[in-house]
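Below you'll find the structure, written out as structure tokens, and then a few comments.
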Amino acid sequence: MTPGSLSGQSSRPALRGWLRSPLANQIKAPLVCIGLTLLLWQLLVQFNSAGFPGPVAVIRQTWDPYIINPFFDDGGTSKGLGLQLLISLQRVAVGYSLAAIVGIGAGLAIGLNRFLRRGFDPLIQVLRTVPPLAWLPISLLLFQQADSAAIFVIFITAIWPIIINTAVGINEIPQDYNNVARVLRLSKRNYLIDILMPATAPYVFTGLRIAIGLAWLAIVAAEMLKADGGIGFFIWDAYNAGGDTSTSQIILAIVVIGLVGLALDRLVGAVGTLVAKGGRS
Amino acid sequence: MSRPFLRVDDVTRSFELPGGGCYVALKDIDLAINKGEFVSLIGHSGCGKSTLLNLLAGLDQANTGGILMEGRQITDPGPDRMVVFQNYSLLPWQTVRQNIGLAVNNVLRDLSATERSERIDTSMQLVGLSQAADKLPSELSGGMKQRVAIARALSIRPSLLLLDEPFGALDALTRGNLQQQLMQICQQAGVTAVMVTHDVNEALLLSDRIVCMTNGPEARIGQIVTVPFERPRHRLEVMEHPAYYGLRSELIGFLQQQRRLRQRRAELERQAEQSRSTARSTGSAGAVATARATVVRLGYLPGLDVAPLAMALARRLFDPAALELAPVSFATWERLELALREGQIDVAITPASTPLRLTLGLDGAPPWPAITPMTVSRNGNALCLARPIGEGGVVDGASLRDWLAGRDQPLSVAVPQRQGMTELLLRHWLAGSGIDPEARVRFVPLAPVAMQGALRNERIDAFIAGRYRVAEAVQERQGLVLASDREIWDGHPEKVLCCHEAWAAAHPEALLALCAALMRAGERCDDSSQREAMVQMLSQPQWLGSRAAGALSRQFEARPEGGLGALRFNHFHSDRAHVSNPAEGCWILTQLSRWGWCPFPSNRVEILSQIYRPDLCERAQELAGFAALPLPRVAISLADGLHFDQDEPLAYLQSLPGRPSPPVQALPVPLSVQSTATSPPSPTIPG
């Protein structure tokens, strides 16, 4: 990666030293590749007369107020990106929590009971493939209200991987641990606390992690169709406004959505590692 | 005898296969373990050792039979039978203390919290892990994990400790230390332990007894080795013990024999498949498979012992769909054996010693691997002494010895076959009576039909033969019954079914159908209400002839004269008569080597499991509709009061009077292709 590293004494040893540090090693490659992508984008835009903004234009056009002031509130639906995000995150929090509670509960029931497992498996396999937006009309019919409908879509999208992974986790408890429990004649309660929960935790968190991604996916889509606030609404609103800077706003929102999605995924992953410490080594 | 601590009673465990059928992992396991005993299970992988351990733990249930611990049946797992699992099975999310606490806190609920905590501490001290109390298993080495597992198991003071290859994954040094620790702990705590292992040295160091399992499927106990070293044991002292290397080579020998047997079975299976496919294409083979039935040529010598054959033919018990039987009669055993070797007949009813003689090649010809799937008859022999000698005061073994002492010539005794079952029994009886059969007796092989004439002409002094021949001689006032086989070995195997192993592998259905028919016929022969019909049947010319009818029917009278009361009728069915019992074969082996005809084979288990096929016997019994009674692993009681333990044949040989112990050496049995002759031999008409 660094040509000329064998040339001995360097004119700028400090920079060279830093380039070889572990941190630099990690960010070097992404930095270069993302930079090249942005450059390519900027170059391509030069040949486009339709007015699609390049990265520089995006930043310039959204700098004020969207980037420097994410929490402005002009009343109505005109709010900063941060506030829009909070609205979305709030919906996700409610829907996802419900999905986690119901999903783990259902997963436990299905994992522990052969009859339920066999009975519900086909249903789960079918429903889990339904795209989030397909639920929206039903959801609106049921709840008559955009906010609850969006929450329901998140719930129904996020619950399947949680159920499936919890059930699989219970199924996959090593026979050895179950044998230990049988030999020691552990009570139901102790079995749950000492063996079932710790052994299933890694699977449950895998499910939760997949679910948070799906939930974030669903919220943006749901808000774009029917909502009066939230990051999805922001994109759709900007598109409908059709102003000079709309495209830039949309692009900025996309970047923000991506970053938040990544953060959510990492957050759940980190919690999972923390809770399931020890895990199945 | 006091009741054992743990009793495994005829346990069979089979698993249903997903594609139908079932896999029998363990068959007829019979084992008693005393309190405080350390028992190891060894065998090749797939021999059901771990299955047996799971049954003992209660994690798995036997299909038939049961396991009793202190008189109570084991039906589910429990903390009184603690298991040390193969891969430790520590909970990775719990520290060492928590892992041990899981056992202590859940099991010892009667103790106070402080007592339990103390118990956890002492358990950790016991295995030297106090420093690691708060570490997670992932932070421990393999040896430490295993110590935690042992500490967890011992912390609740189980009455039975079950160890599944506990040291398999450890390096040699750690293993040695842990073995020593385990030994001390077990001895201090007086724990009864059962350990699965594949390490012969480990088994020898730790165990009081080593149970060697045969290959699966249908794994059985092949041999039980008692380890005599005194406790406390130390590795080096044990290795210097004079018996150590003998025991070690016995165990390794057993494992090697099992491996060879497995290869042999596979090879036979392959050959059988091959011959079946060639038979399909050419339409000719040793036994001709027609569209439905297989023609089986069965050789026999007429006599009472083949009554089941006569019965089966007369009552049409052979299932015509599976089997078309062509019986071939012979006058002497030599000719029958020759026909068998040359493939002129497929199967024969032979003396019980014949399969071993042919397999070991004791008749002078190359080894001919025979098998025997069933015993056709038991008992029915007697020693008939010329009447003048008997009237001169010879009435039993002791008087015969005294009589022989005052005479220069040896006693001349006719036997139907050299090295036959009758000769073995006779020699055993003679030696037991203080008569050296080598010096004082001359054995004359003679066709059974010619024996009475030879006695009359004073060419022989006595003969040993079937009860019917003896009865005739007694009836005609030529002889007296000096001894019957009841005074030697009551219930000994007399005639067995014998065929080449390759033929058995190639025609399994026909062989089983034949056995099943003979078994059903044997049941009728044992039925006293059928006696009259049986006499009539046997009086026909192809069996014993009309002359026999009188002699036979007189024997069934309430009080026969002339010592005939000592004769016991053959039995064909009762008391598990059909069983093909390797323990009996082992006795025959000891006798063959006792008289110097062969060295005692160090690979006896291999030879015996090759020849004796209780598995086929059981399948045939099922086919015949009889309950397959399992074979108890008990010593055989002979009439001289000496018990024969199949696990200690050399000790038995040493305890016998007379000759020095024979040399011990391996007698390999090469795979051989069975010679086949398609033209049947010219049948000999019995005289």
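Every read-out reported here was derived from the displayed coordinates using simple, explicitly stated rules and does not represent laboratory data. Just so it is clear, the structure is predicted and the values come from calculations on it, not from any experiment. Virtual Cβ from ideal backbone geometry, glycine too; neighbours counted across all protein chains shown.
Some values worked out for this structure:
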quantity: Distance (nanometres) between label positions extended 7 Å along Cα→Cβ at B:A533 and B:L629; calculated: 2.4
quantity: Stretch gain in nm, segment A:L23-A:L141, where the contour uses 0.36 nm per residue and the Cα spacing is subtracted; calculated: 37.3 nm
quantity: Residue exposure sequence - B:H198, B:H492 - by fewest surrounding Cβ within 10 Å; calculated: B:H198, B:H492
quantity: Sequence ranges A:206-215, B:604-613, ranked by mean other-Cβ count within 10 angstrom, highest first; calculated: B:604-613, A:206-215
quantity: Average Cα contact separation per residue, chain B, under 8 Å, 6 or more apart, as relative contact order %; calculated: 14
quantity: Estimated FRET transfer efficiency (B:V395, B:K35; beta-carbon r; R0 60 Å; 0.05); calculated: 0.75
quantity: Over the range B:373-518: Kirkwood hydrodynamic radius from C-alpha pairwise inverse distances, Å; calculated: 16.3
quantity: J(HN,Hα) series, the range B:514-528, from Karplus relation 6.51 cos²θ - 1.76 cosθ + 1.60, nearest Hz, glycine and proline x; calculated: 5, 4, 4, 5, 5, 5, 4, 5, x, 4, 5, 5, 6, 6, 5
quantity: Sparse-neighbourhood loop sites, chymotrypsin sites (Phe, Trp or Tyr not before Pro) in the range A:30-86 - DSSP loop, at most 15 other Cβ within 10 angstrom; calculated: A:F47, A:F71, A:F72
quantity: Debye log10 I(q)/I(0) for the protein assembly as shown, one point scatterer per Cα, at q = 0.06, 0.10, 0.11 Å⁻¹; calculated: -0.66, -1.16, -1.28
quantity: Average other protein chain Cβ within 10 Å of Cβ, residues A:181-191; calculated: 5
quantity: MRE, 222 nm, helices only [DSSP H, n ≥ 4, -39500 (n - 2.57), over chain B, to nearest 500]; calculated: -12000 deg cm²/dmol
quantity: Vicinal HN-Hα couplings computed from phi for the range B:252-265 (Karplus, 6.51 cos²θ - 1.76 cosθ + 1.60; Hz; Gly/Pro x); calculated: 5, x, 4, 5, 5, 4, 5, 5, 4, 4, 4, 4, 5, 4
quantity: Share antiparallel - DSSP beta bridges, the protein assembly as shown, percent rounded to 5; calculated: 55
quantity: A:E172 versus A:L133: modelled label distance in nm, points set 7 Å from Cα along the beta carbon direction; calculated: 3.3
quantity: Highest average packing first - B:106-114, A:187-195, A:149-157, Cβ atoms within 10 Å; calculated: A:149-157, A:187-195, B:106-114
quantity: Fully extended contour minus Cα-Cα distance, from B:E70 to B:L236, at 0.36 nm per residue; calculated: 56.2 nm
quantity: Gain in span if fully extended, B:Q131 to B:Q256, counting 0.36 nm per residue against the direct Cα distance; calculated: 40.6 nm
quantity: Gaussian network model of chain A, Cα within-10 Å springs - most flexible of A:A14, A:A158, A:A100; calculated: A:A14
quantity: Peptide B:76-84 - average C-beta neighbours from other chains (10 Å radius); calculated: 3
quantity: Whole-Å distance, taken between Cα centres, linking the range A:36-97 and the range A:118-160; calculated: 29
quantity: Of the DSSP H helices in chain A, those whose Cα atoms cover at least 24 Å axially and whose Kyte score averages 1.0 or more; calculated: A:22-46, A:81-112, A:146-171, A:197-225, A:246-275
quantity: Tail beyond 23 Å, pair distance distribution of chain A (Cα, percent); calculated: 66
quantity: Trypsin sites (Lys or Arg not before Pro) restricted to the range B:362-431 and DSSP loop, no more than 12 other C-beta within 10 Å; calculated: B:R407
quantity: 0 to 90° range, to nearest 10: angle between helix B:172-189 axis and chain B longest Cα axis; calculated: 90
quantity: Against the rule of thumb 2.2 N^0.38 Å, how large the Cα Rg of the range B:174-236 comes out; calculated: 1.21
quantity: Shielding by other protein chains, B:152-160, mean Cβ within 10 Å; calculated: 1
quantity: Karplus-derived HN-Hα couplings along the range B:147-160 (A = 6.51, B = -1.76, C = 1.60, θ = phi - 60°), whole Hz, x at Gly and Pro; calculated: 5, 4, 4, 5, 4, 4, 5, 7, 4, 9, 6, x, 7, 9
quantity: Taking all pairs of distinct alpha-carbon atoms in chain B, Kirkwood radius in angstrom; calculated: 27.8
quantity: Pairwise FRET efficiency - A:V275 versus B:S277, Cβ, R0 = 45 Å, nearest 0.05; calculated: 0.15
quantity: For the range A:200-250: span of alpha carbons on each principal axis (Å, largest first); calculated: 52, 21, 11
quantity: Long-range amide H partners of B:A465 with built H, under 5 Å; calculated: B:A382, B:C384
quantity: Amide H within-cut-off set for B:V328, under 5 Å, with H built and near neighbours excluded; calculated: B:L298, B:G299, B:Y300
quantity: Compactness of the range B:122-215, expressed as Rg and Dmax over alpha-carbon positions, Å; calculated: 13.5, 44
